[in-house]
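Written below as structure tokens is the structure these notes are about.
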Amino acid sequence: MKFKRLAVAAACALVSSMAFAEAHFVRGPTASLSSSGDYVVSFKEVGLGNIPVTYSLVANEAIYTYQCFNPAGNTPVGEPNGVKESDASVFVTMQPRNGQITGSVTLSPSPGDARCQGNAMKMCLVAVSYSGVWFKEETTPVGPFSMPSLSMTLSKPDCDI
């Protein structure tokens, strides 16, 4: 009888220790926009073990607005170039340290086919909008998490295209 109680106690201890080892987020995931228009999800996930973990970030719709500027910094007559992506996504694999990952996953604007006409014209990102955004830890898996729709007009156009 004593052996049976000991076996039950050991089984309960094993189950409770396995519950603590389950992957989960202790911070985030939280979304923000960088000053250059990137959609950034930051987080801390624990209970991972030591195998690499893959995260996905998907926006059902991402709209990037680009404007052409001449060398004097003026814009030519005409509408800005708009680039609309459906299902813009990024997958990132990270290596846990001591069973946890503190990190971020970034979805960055892409100019697609947008171009400026004329010599010396520079194409600059001036606005972004992301909607229908989902974040998921794919390996164990945890999620998906519905993230907020975010948009902004860049205070300083990003001309590093």
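Please treat every number below as a calculation from the coordinates, not as lab data. Computed from a predicted model, the values in this text were never measured in an experiment. Backbone-built Cβ (ideal geometry, glycine too); neighbour counts: all protein chains shown.
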May I ask you to sort Ile63, Ile51 by Cβ crowding, counting other Cβ atoms within 10 Å and putting the fewest first? Ile51, Ile63
Measure off 7 Å from each Cα along the Cα-to-Cβ vector at Ser149 and Thr30, then give the distance between these two points in nanometres to one decimal. 2.3 nm
Kindly write out, for the range 43-51 in residue order, the coupling ³J(HN,Hα) from the Karplus curve 6.51 cos²θ - 1.76 cosθ + 1.60 (θ = phi - 60°), rounded to whole Hz, with x marking Gly and Pro. 6, 9, 10, 10, x, 9, x, 10, 8
Under the Karplus relation with 6.51, -1.76 and 1.60 and θ = phi - 60°, whole-Hz ³J(HN,Hα) for the range 131-141, x at Gly and Pro, equal 9, x, 9, 10, 10, 8, 8, 7, 6, 7, x
Considering every Cα-Cα pair within the range 82-161, what fraction, in whole percent, is farther apart than 19 Å? 53 percent
Difference of contour (0.36 nm per residue) and Cα-Cα distance, Asn74 to Gln95: 3.0 nm
